[in-house]
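Peer 1: I'd like to ask you about the structure that follows.
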Amino acid sequence: VRLNQIAQREDFGFTAKFPKWAMAYKFDAEEVTSILREVVWQVGRTGKLTPIAIIDPVELAGASISRATLNNFGDIQKKSVKLGSRVFVRRSNEVIPEILGLAEDMPDSTEIQKPLVCPSCGTPLTEIGANLFCLNKDTCKEQVVDRLANFASQNGMDIEGLSFSTIEKLYDTFKIN
């Protein structure tokens with residue numbers, strides 16, 4: 001929604017980032033519940049570990065969802081989710097599936113354990129704020145492969161034909177980094 005009279009827009013002004021004469025309205029995101037079956041720890045190119053929830057498949061906003069982000073270990077603790085519990089799931093901004101919180105604690109629910117070592121290279125993890133990091137930048141396979149894939153991506157050097165799986169094979173064969 002925006003003000004059509006351009007001359008009056010100056011009267012409304014701006015916040016630090018946005019005009020006060022325009023705003024967006026969004027429908028509430030659809031939420032469903034599912035059972036949290038497993039948590040897989042994914043290592044990114046910066047070494048940050050992200051917990052990925054494996055859930056029973058559910059239909060959500062026109063897509064079948066079986067994986068959702070839990071953001072970080074601090075978020076897991078804040079939301080009190082456990083393995084085997086029923087959790088709320090939505091697609092953040094209608095795109096990224098995320099776990100919102102605990103819907104129902106089941107009798108057989110178990111705590112999600114914080115990993116102590118990197119699932120990719122076995123290096124002890126460092127906790128910085130609510131996040132866990134693998135500081136092994138040189139020989140952690142997931143970090144190296146992700147950095148090279150980012151470098152070769154369309155937003156990087158735009159190297160056509162250099163896929164993620166090709167980079168993994170190069171790493172496995174030549175230990176490139």
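Peer 1: Against the longest alpha carbon principal axis of the chain, how many degrees, from 0 to 90 and to the nearest 10, is the axis of helix 141-152 turned?
Peer 2: It is inclined by approximately 50 degrees.
Peer 1: For the range 90-129 and the range 49-79, what is the separation of their C-alpha centers, rounded to whole Å?
Peer 2: Going from one Cα centre to the other spans 8 Å.
Peer 1: Tell me the carbon and sulfur percent of the accessible area for the range 1-130, rounded to whole percent, probe radius 1.4 Å. Could you put the intermediate results ahead of the total?
Peer 2: Working: 4320 of 8290 Å².
About 52 percent, which is the carbon plus sulfur part of the accessible surface.
Peer 1: Still on this model: Can you give me the accessible area per residue for the chain, using a 1.4 Å probe, in Å²? Before the final figure, lay out the partial values.
Peer 2: Details: 11460 Å² over 177 residues.
Solvent-accessible surface per residue comes out at 65 Å².
Peer 1: Once label points are set 7 Å from the Cα along Cα→Cβ at both THR139 and ILE96, what is their separation, rounded to one decimal in nm?
Peer 2: 3.2 nm
Peer 1: Excluding residues fewer than 8 places away in the same chain, name every one of the aspartates and glutamates whose C-alpha is closer than 14 Å to that of LYS114.
Peer 2: GLU38, ASP75, GLU127
Peer 1: Can you tell me the FRET efficiency between ILE6 and LYS48 if r is taken as the Cβ-Cβ distance and R0 is 35 Å, rounded to the nearest 0.05?
Peer 2: Working: r = 45 Å, r/R0 = 1.27.
It comes to 0.20.
Peer 1: A follow-up question, please. Residue by residue, what Karplus-based ³J(HN,Hα) values in Hz, rounded to whole numbers, does the range 79-95 have, using 6.51, -1.76 and 1.60 with θ = phi - 60° and x for Gly and Pro?
Peer 2: 7, 6, 7, 9, 5, x, 8, 8, 10, 7, 10, 8, 9, 4, 6, 6, 10
Peer 1: Can you show me the helix-derived [θ] at 222 nm for the chain, built from DSSP H runs with n ≥ 4 at -39,500 (n - 2.57) apiece and divided by the number of residues, rounded to the nearest 500. List each step's numbers first, then the result.
Peer 2: Values: 4 runs with 37 residues, N = 177.
Only helices count here, giving -6000 deg cm²/dmol.
Peer 1: Next question, about the same structure. Round to the nearest 10 and give me the degree value, 0 to 90, for the angle of helix 164-174's Cα axis relative to the longest principal axis of the chain.
Peer 2: Compared with the principal axis, the helix lies near 30 degrees.
Peer 1: Antiparallel DSSP bridges in the chain: what percent, to the nearest 5? Numbers along the way, then the final one.
Peer 2: Numbers: 34 of 35 bridges.
Given both bridge residues lie in the chain, the antiparallel proportion sits at roughly 95 percent.
Peer 1: I'd like the accessible area for ASP158, computed on protein heavy atoms only with a 1.4 Å probe and all protein chains in place. Round to 10 Å², please.
Peer 2: 90 Å²
Peer 1: P(r) for the chain: what percent of alpha-carbon pairs falls in each 5 Å bin, starting at zero?
Peer 2: Going out from 0 Å in 5 Å bins, the chain shows 1, 8, 13, 12, 12, 13, 13, 11, 8, 5, 3, 1, 0 percent.
Peer 1: Straight-line reach from LYS26: which aspartates and glutamates have Cα under 17 Å away, leaving out those fewer than 8 places along the same chain?
Peer 2: GLU94
The values are calculated or read from the model by the stated rules, or taken from the named source; none is laboratory data. Source: prediction; values computed, not measured. Note that each Cβ is placed from the backbone with ideal geometry, even for glycine, and that neighbours are counted across all protein chains shown. Just so you know, the surface numbers come from the protein's heavy atoms only, side chains and all, with ligands and any DNA or RNA stripped out. Shrake-Rupley method; radii C 1.70, N 1.55, O 1.52, S 1.80 Å.
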